[in-house]
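The values are calculated or read from the model by the stated rules, or taken from the named source; none is laboratory data. Just so we're clear, the structure is a prediction, and the values are computed from it rather than from any experiment. Please note: Cβ atoms are built from the backbone with ideal geometry, for glycine as well, and neighbour counts cover all protein chains shown. The accessibility values were calculated without ligands, DNA or RNA, using every heavy atom of the protein model including side chains. Shrake-Rupley method; radii C 1.70, N 1.55, O 1.52, S 1.80 Å.
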Amino acid sequence: MDLDAVTKHSALHAKPNGLILQYGTAGFRMKAEHLDHVMFRMGLLAVLRSKYTKSTIGVMVTASHNPEEDNGVKLVDPLGEMLAPSWEEHATCLANAEEEDMQSVLMDISEKAAVDLQQDAFVVIGRDTRPSSQKLSQSVIDGVTVLGGQFHDYGLLTTPQLHYMVYCRNTNGQYGKATIEGYYQKLSKAFVELTKQAFCSGDEYRSLKVDCANGIGALKLREMEYYFSQELSVQLYNDGTKGKLNHLCGADFVKSHQKPPQGMEMKSNERCCSFDGDADRIVYYYHDADGHFHLIDGDKIATLISSFLKELLLEIGESLNIGVVQTAYANGSSTRYLKEVMKVPVYCTKTGVKHLHHKAQEFDIGVYFEANGHGTVLFSKAAEMKIRELAKELEDKKRKAAKMLENVIDLFNQAAGDAISDMLVIEAILALKGLTVQQWDALYTDLPNRQLKVKVADRQLISTTDAERQAVTPPGLQEAINDLVKKYELSRAFVRPSGTEDIVRVYAEADSQESADSLAYEVSVAVFQLAGGVGESPQPGF
């Protein structure tokens, strides 16, 4: 490791004075003009991680659903997973190191992790469509090359596509070809094979309106459409030709504002969906005949998919264990429907995709979706092998069901939540089951809910347990919440500190919107009084 060369190049990517950053679930994210030094240093770290794992490591330059002026970076581990927690600490330490400490911090990471510095390193890089992304990805490349790492720059990719490339390269092509055409062909072939089984596929030409958040998803979906256009027509809106990334559009906007994106022409009962800026989230929605907006979020996506998988498993008579993983934000109606109607086990984890992903790996088939539409289905290696064997061996109807399960395995991008992959799975299931978007929505009715934020002096005063559903500190807060919840029907509420700023997030649901709003307000007041609220006290009516 040529430390003098590192010092020389690092000076060209100097760290702004006083800037302190934390590597979190989304990696590093902030205003793009402050990220040059971070990108260079994550190039360095990717080389060390590659040497340590003896594998290809990915670096994705994106800020997902954040505004266009932001950017960010995250590292992708060998099987498409997020960076290991111990290396998140290394990333934070390296990003915050002063220039004069760079050499010692790099050596410290190498020694703590027992990195073999003689080992070869290979890094793959992708970026989204933000104006700042190309320059920042070049800074990553500078970091990779100064430590002697080899790299391949894929250029413009969705975040899930970079995860796919890493997974392919580290499984010697067994998962798929590590090219954009390989990605298109794998997913499209599985989609076409699956939809062939639909009784109604010849009766109606299926079409879907897709809001691409003026992001990378538009470019990639337009390239990919050729491969599946006989089975599904996609009409792209907010495709980046005009309008700013994520501005008044995209999955996050639709979910949080409960209304359609700007620029989307919607007729009654038409299926529409939105991606986020880097195409790893998806939500569906429609207008009913009366013009009312209906959102179909990650909870209903998980319900549709897990129900379909459960039916196929029953068809082939296999007792593979399937589990659905949610967070505390999942609507109570979805949890009840899965447990009581579908008889599918449901588990709750802390908020954050890495927690859901980790829990989902415990099952033969693990389904996880956050309410925001970020999720996927994971098949264990044993389950995948079993299903592929059954697809060859079983007779008639059972073989057909096993073959459909095999197509689902190939259709999901198991390396990461993937809006394109999820969209194709959903469209295939709706076709196979002959469901309209209204019938899907009617599987269960969401309980009315409300989310609020309370500013506090120090978010660390609040600690939680039971997958963030119970407050441990400050004393008396959970008891106050329990007393308030008792006042309302079908109600629950929880609070959790933000991971990045001094606010406490409040969630409440109840049998009516009026009750959910009232409960959320009363819990907010309790937080303000017991957890060091600052500024104006919460007011009713928000």
Tell me the net charge near residue 232. Cut-off is 10 Å between Cβ atoms, residue 232 excluded, with +1 for each Lys or Arg and -1 for each Asp or Glu.
-2
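For an R0 of 51 angstrom, estimate the FRET efficiency from the Cβ-Cβ distance between residue 108 and residue 247 and round to the nearest 0.05.
0.75
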In terms of modelled amide H atoms, which long-range or inter-chain residues lie less than 5 Å from the amide H of residue 76?
58, 59, 60
Could you derive backbone 3J(HN,Hα) for region 365-378 from the dihedral phi with the Karplus parameters 6.51, -1.76 and 1.60 (θ = phi - 60°), listing whole Hz in sequence and x where the residue is Gly or Pro?
10, x, 9, 9, 9, 6, 4, 6, x, 9, x, 6, 10, 10
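Compute the signed sum of charges (Lys and Arg +1, Asp and Glu -1) over the other residues within less than 12 Å, Cβ to Cβ, of residue 444. Before the final figure, lay out each step's value.
On the way: positive: 300, 336, 339; negative: 299, 340, 441, 446.
Once positives and negatives cancel, what remains is -1.
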Normalised per residue, the volume of the convex hull around the Cα set of region 177-446 (Å³):
123
Gain upon complete extension [residue 470, residue 134; 0.36 nm per residue less C-alpha separation]:
116.6 nm
Once Lys and Arg are counted +1 and Asp and Glu -1 for all other residues with Cβ under 12 Å from that of residue 31, the total becomes -3
On the protein heavy atoms, probe 1.4 angstrom, tell me the percent of accessible surface of region 213-363 carried by carbon and sulfur.
47
Between residue 150 and residue 343, what is the spin-label point distance in nm, taking each point 7 Å from the Cα along the Cα→C-beta axis?
5.3
16 Å reach of a label modelled at residue 490, 7 Å along Cα-to-Cβ, counting backbone N of region 327-359:
330-341
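Can you pull the percent of Cα pairs in region 4-101 with separation above 24 Å?
Here the tail beyond 24 Å accounts for 19 percent of pairs.
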Which whole-Hz ³J(HN,Hα) couplings does region 428-437 yield from phi under the Karplus relation 6.51 cos²θ - 1.76 cosθ + 1.60, θ = phi - 60°, glycine and proline marked x?
5, 5, 4, 5, 5, 8, x, 8, 7, 5
Which residues qualify? For residue 349, with a placed amide H closer than 5 Å and at least 5 residues away or on another chain, they are 326, 327, 328
Could you estimate the translational diffusion coefficient of region 449-531 from the Stokes-Einstein equation, with Rh from the Kirkwood formula over C-alpha pairs, at 37 °C and 0.692 mPa s, in whole µm²/s?
266
Per residue, in Å², the accessible surface of the chain once ligands and nucleic acids are set aside, probe 1.4 Å
41
Can you give the helix-only mean residue ellipticity at 222 nm for the chain, where every DSSP H stretch with n ≥ 4 adds -39500 (n - 2.57) and the sum goes over all residues, rounded to the nearest 500 deg cm²/dmol?
-12500 deg cm²/dmol
Quick note, region 170-315: a/c under 1.5 would make it rounded; otherwise a/b > b/c is prolate and the rest oblate (a ≥ b ≥ c, C-alpha gyration tensor); here it is oblate
Pairwise label distance in nanometres, residue 382 with residue 537, each label 7 Å out on the Cα-Cβ vector
5.7
Quick one: if you stick a label point 7 Å off each Cα along the C-beta vector at residue 498 and residue 453, how many nm between them?
0.4
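Using R₀ = 56 Å, calculate the FRET efficiency as 1/(1 + (r/R₀)^6) where r is the Cβ-Cβ separation of residue 3 and residue 230; round to 0.05.
0.50
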Using a 1.4 angstrom probe on heavy atoms only, work out the carbon and sulfur share of the accessible area of region 1-152 in %.
50
Just how far, in whole angstrom, is region 346-384 from region 144-171 if you go by their alpha carbon centroids?
24
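How big is the charge dipole of the chain about its Cα centre, in debye rounded to the nearest 20, if each Lys and Arg gets +1 on its Cβ and each Asp and Glu gets -1 on its Cβ?
The calculation lands at about 740 debye.
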Taking a ≥ b ≥ c as the square roots of the eigenvalues of the Cα gyration tensor, with a/c under 1.5 meaning rounded and otherwise prolate when a/b exceeds b/c and oblate if not, region 132-174 is oblate
Subtracting the Cα-Cα distance of residue 439 and residue 119 from 0.36 nm times their residue separation yields 109.6 nm
For region 174-181, what does the Karplus curve 6.51 cos²θ - 1.76 cosθ + 1.60, with θ = phi - 60°, yield as ³J(HN,Hα) per residue in whole Hz, taken in order and with x for Gly and Pro?
5, 6, x, 7, 7, 9, 5, 5
In the structure displayed, which of 51/386; 220/381; 31/487 lie more than 32 Å apart, Cα to Cα?
51/386; 31/487
With the charge dipole of the chain built from beta-carbon charges (+1 for Lys and Arg, -1 for Asp and Glu) about the Cα centre, the Cα from 404, 516, 499 projecting farthest to the positive end belongs to 404
Between region 385-427 and region 210-233, how many Å separate their Cα centres?
22
Relative contact order for the chain: what percent, with Cα pairs under 8 Å and sequence separation of 6 or more?
11
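Can you send over the carbon and sulfur percentage of the accessible area for region 389-512, probe radius 1.4 Å, protein chains only?
46
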Options 92, 103, 78, ranked by Cα towards positive dipole end of region 39-106, top entry (Cβ charges)
78
Can you tell me which of 93-104, 245-256 comes out highest on packing, and rank the rest after it, using the mean Cβ neighbours within 10 Å?
245-256, 93-104
Solvent-free Debye scattering, log10 I(q)/I(0), computed from the Cα coordinates of region 49-177 at q = 0.11, 0.12, 0.17, 0.22 Å⁻¹:
-0.38, -0.46, -0.94, -1.46
Between residue 483 and residue 256, what's the calculated FRET efficiency when r is the beta-carbon distance and R0 is 25 Å? Round to 0.05.
0.30
Distance histogram in 10 Å bins (all Cα pairs of the chain, percent per bin)
4, 17, 27, 27, 18, 7, 1
For region 177-446 the mean separation of alpha carbon contacts under 8 Å (6+ apart) over residue count, i.e. relative contact order in percent, is 20
With the charge dipole of the chain built from beta-carbon charges (+1 for Lys and Arg, -1 for Asp and Glu) about the Cα centre, the Cα from 274, 140, 226 projecting farthest to the positive end belongs to 226
Amide N proximity, region 498-537 versus residue 461 label position 7 Å along Cα-to-Cβ, cut-off under 16 Å:
498, 501-506, 523-537
